[in-house]
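Participant: There's a structure below that I have some questions on.
The values are calculated or read from the model by the stated rules, or taken from the named source; none is laboratory data. It should be emphasised that the depicted structure is a prediction, and the values quoted were computed from it without experimental measurement. Cβ: placed from backbone, ideal geometry, glycine included. Neighbour counts: every protein chain shown. Please note that ligands, DNA and RNA were not included when accessible areas were found on the heavy atoms of the full protein model with its side chains. Shrake-Rupley method; radii C 1.70, N 1.55, O 1.52, S 1.80 Å.
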Amino acid sequence: VLIPVEDLPPLQPGQVYQVWLIEGERPLPAGVFDQPNGRFAVAADIADYSAIAITIEHGPLGSPAPTSDPVVIAQLDHRPGAS
């Protein structure tokens, strides 16, 4: 799955954006990136998750659990034909 992002808040030195797949109330780490604009690939079946979020975390590898509020959160629509 490709996630397009644009105009994310700027990072401070040593920070990364971290993607989280939300399963119920539990966020699962799905990768990190460091550009505020572009596309980020997530290797997951998004049908298994209810939402996706992006937080700012300490780099370079991110965190095992979110340490900040999401800068982006989106509900995933699982209706047939939805993208």
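Participant: Determine which residues of region 1-25 fall in the zone a paramagnetic label at Ala51 would reach in this model, i.e. backbone nitrogen under 12 Å from the point 7 Å along Cα→Cβ.
Facilitator: 20-25
Participant: Then there's this: Express the accessible area of the chain per residue in Å², computed with a 1.4 Å probe while the remaining protein chains stay in the model.
Facilitator: Each residue of the chain exposes 65 Å² on average to a 1.4 Å probe.
Participant: Under a 5 Å amide H to amide H cut-off, with H placed in plane at 1.01 Å, what residues pair with Ile3 once short-range neighbours are removed?
Facilitator: Phe40, Ala41, Val42
Participant: Another question, then. 5 Å is the cut-off here: which amide hydrogens, built 1.01 Å from N in the peptide plane, fall below it relative to Val72, excluding neighbours closer than 5 in sequence?
Facilitator: Sorted by chain and number, the residues that satisfy this are Ile54.
Participant: Which parts of region 3-26 would a label at Ala43 reach, counting a residue when its backbone N lies under 19 Å from a point 7 Å out along Cα-to-Cβ?
Facilitator: Under 19 Å, as judged by backbone N against the label point of Ala43, lie 3-4, 18-22 of region 3-26.
Participant: (1) 6.1; (2) 5.3; (3) 6.6: which one is mean projected area of the Cα convex hull in nm² as calculated from this entry?
Facilitator: (2)
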